[in-house]
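Rule-based calculations on the coordinates, nothing more; no lab input. Keep in mind that this is a model prediction, so the values were computed, not measured. Cβ coordinates were reconstructed from backbone atoms using ideal geometry, including for glycine residues, and neighbour counts include every protein chain displayed.
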Amino acid sequence: MKKEQVVNCQFSVWYPIFKKHTIKSLILPLPQNVIDYLLDDGTLVVSGSDHNTQQTNPNNSDSEAEEDVQWSDDETTTTVTAPEFPEFTAEVLEAINSLGGRVFPKLNWSAPRDANWIALNSSLESQSLSDIFLLFKSSDFITHDLTQPFLQCSDQDSPDPVINYELVLRKWSELIPGGEFRCFVKENKLIAVSQRDYTQHYQHILKQEEQICESIQDFFLQKVQFNFLDEDFVFDVYRDSLGRVWLIDLNPFGEVTDPLLFSWDELTSGGDIAQNQDGPAFRYTNSEVTVQPSPSLSYRIPRDFVDLSTGEDAYKLIDFLKLKKSQQEDEEEEEEEEEEAPQ
């Protein structure tokens with residue numbers, strides 16, 4: 001895996017090529033002060049409130065206004081500040097509204113799939129910038145994108161390409177996990193297909209194995225093959241109930257990408273996969289295989305709570321609980337307003 005291959009798998013690179021075959025999305029440049037905020041290891045006080053009443057300086061666009069969060073006990077009173085990004089917030093809200101009010105957020109490469117446990121609905125569905133910030137600040141995948149995108153590349157001696165970081169907002173779609181598949185392409189040939197959610201057994205995959213493999217192969221040959229910038233890459237697809245296939249994501253052909261039910265040794269060396277001349281090797285979890293735990297479980301204890309357990313930063317939990325309380329109060333106020341509204 002070369003650094004150039006990683007660069008080519010950025011969303012803003014492949015989306016224009018395959019726009020007709022994937023989910024509608026919008027791409028917003030990520031300001032440096034937002035990047036700094038996402039990498040700040042200080043607190044879980046979340047910026048991006050939709051109901052910000054703080055006065056900002058009109059002569060300093062996108063300035064960092066501070067919103068005070070206070071608590072006290074018998075001995076001390078502590079103030080924690082959360083930065084605000086008024087122009088960026090407005091851009092994000094406009095984009096979310098144009099996509100129907102609900103979005104799936106990600107950066108150049110990764111989505112915060114390892115942080116869905118922290119959302120109130122245990123989902124990556126986001127309706128505001130504060131929802132996105134909460135997911136991003138809790139995600140190791142996002143931190144990797146921002147700090148070490150070329151970590152496992154073979155050409156480490158070459159200079160790192162300059163990356164312009166972007167917030168990607170994808171129109172929210174209810175995708176059934178049993179319809180998602182990961183496809184591995186080597187030298188512009190589809191060599192392997194894996195069930196995406198391999199932790200579960202989906203009976204329809206067993207019954208429709210031949211049709212699924214055929215529809216994915218046809219999609220690759222007609223829409224993907226020779227159209228991407230590299231000849232080695234990985235792409236994710238979704239096959240809907242009508243048998244139509246949609247492109248979901250592209251990833252580098254290398255260890256930074258999860259091989260799921262394959263191993264990178266067999267994907268790179270060939271082996272049994274190379275002997276399959278009729279089409280790609282297709283693997284899925286069947287009823288005879290023990291269902292495996294989700295690999296995302298290892299991310300469910302955030303670093304902030306580790307700090308808490310070791311006594312390093314007890315204020316982080318207080319910030320988190322205050323955020324949850326604020327979100328619940330906002331929901332209750334909205335419900336009351338709906339009930340009081342004239343019919």
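Observations on the structure shown:
- Contact order relative to length of the stretch 115-166, as percent, for alpha carbon pairs under 8 angstrom and 6 or more apart: 26 percent
- Sparse-neighbour loop sites [GluC sites (Glu not before Pro); the stretch 95-190; at most 10 other C-beta within 10 Å; DSSP]: Glu174, Glu187
- Per residue Cα convex hull volume in Å³ - calculated over the stretch 177-292: 105 Å³
- Where only C-alpha atoms are counted, convex hull volume of the stretch 135-204 per residue in Å³: 185 Å³
- Cβ crowding within 10 Å averaged over residues, with 246-254, 204-212 ranked highest first: 246-254, 204-212
- The stretch 177-292: relative contact order in percent, alpha carbon pairs under 8 Å with at least 6 residues between: 38 percent
- Local net charge near Glu4, Cβ-Cβ under 13 Å (Lys/Arg +1, Asp/Glu -1): -3
- For q = 0.16, 0.17, 0.18, 0.21 Å⁻¹, Debye-computed log10 I/I(0) when each Cα of the stretch 87-233 counts as one equal scatterer: -1.15, -1.22, -1.26, -1.29
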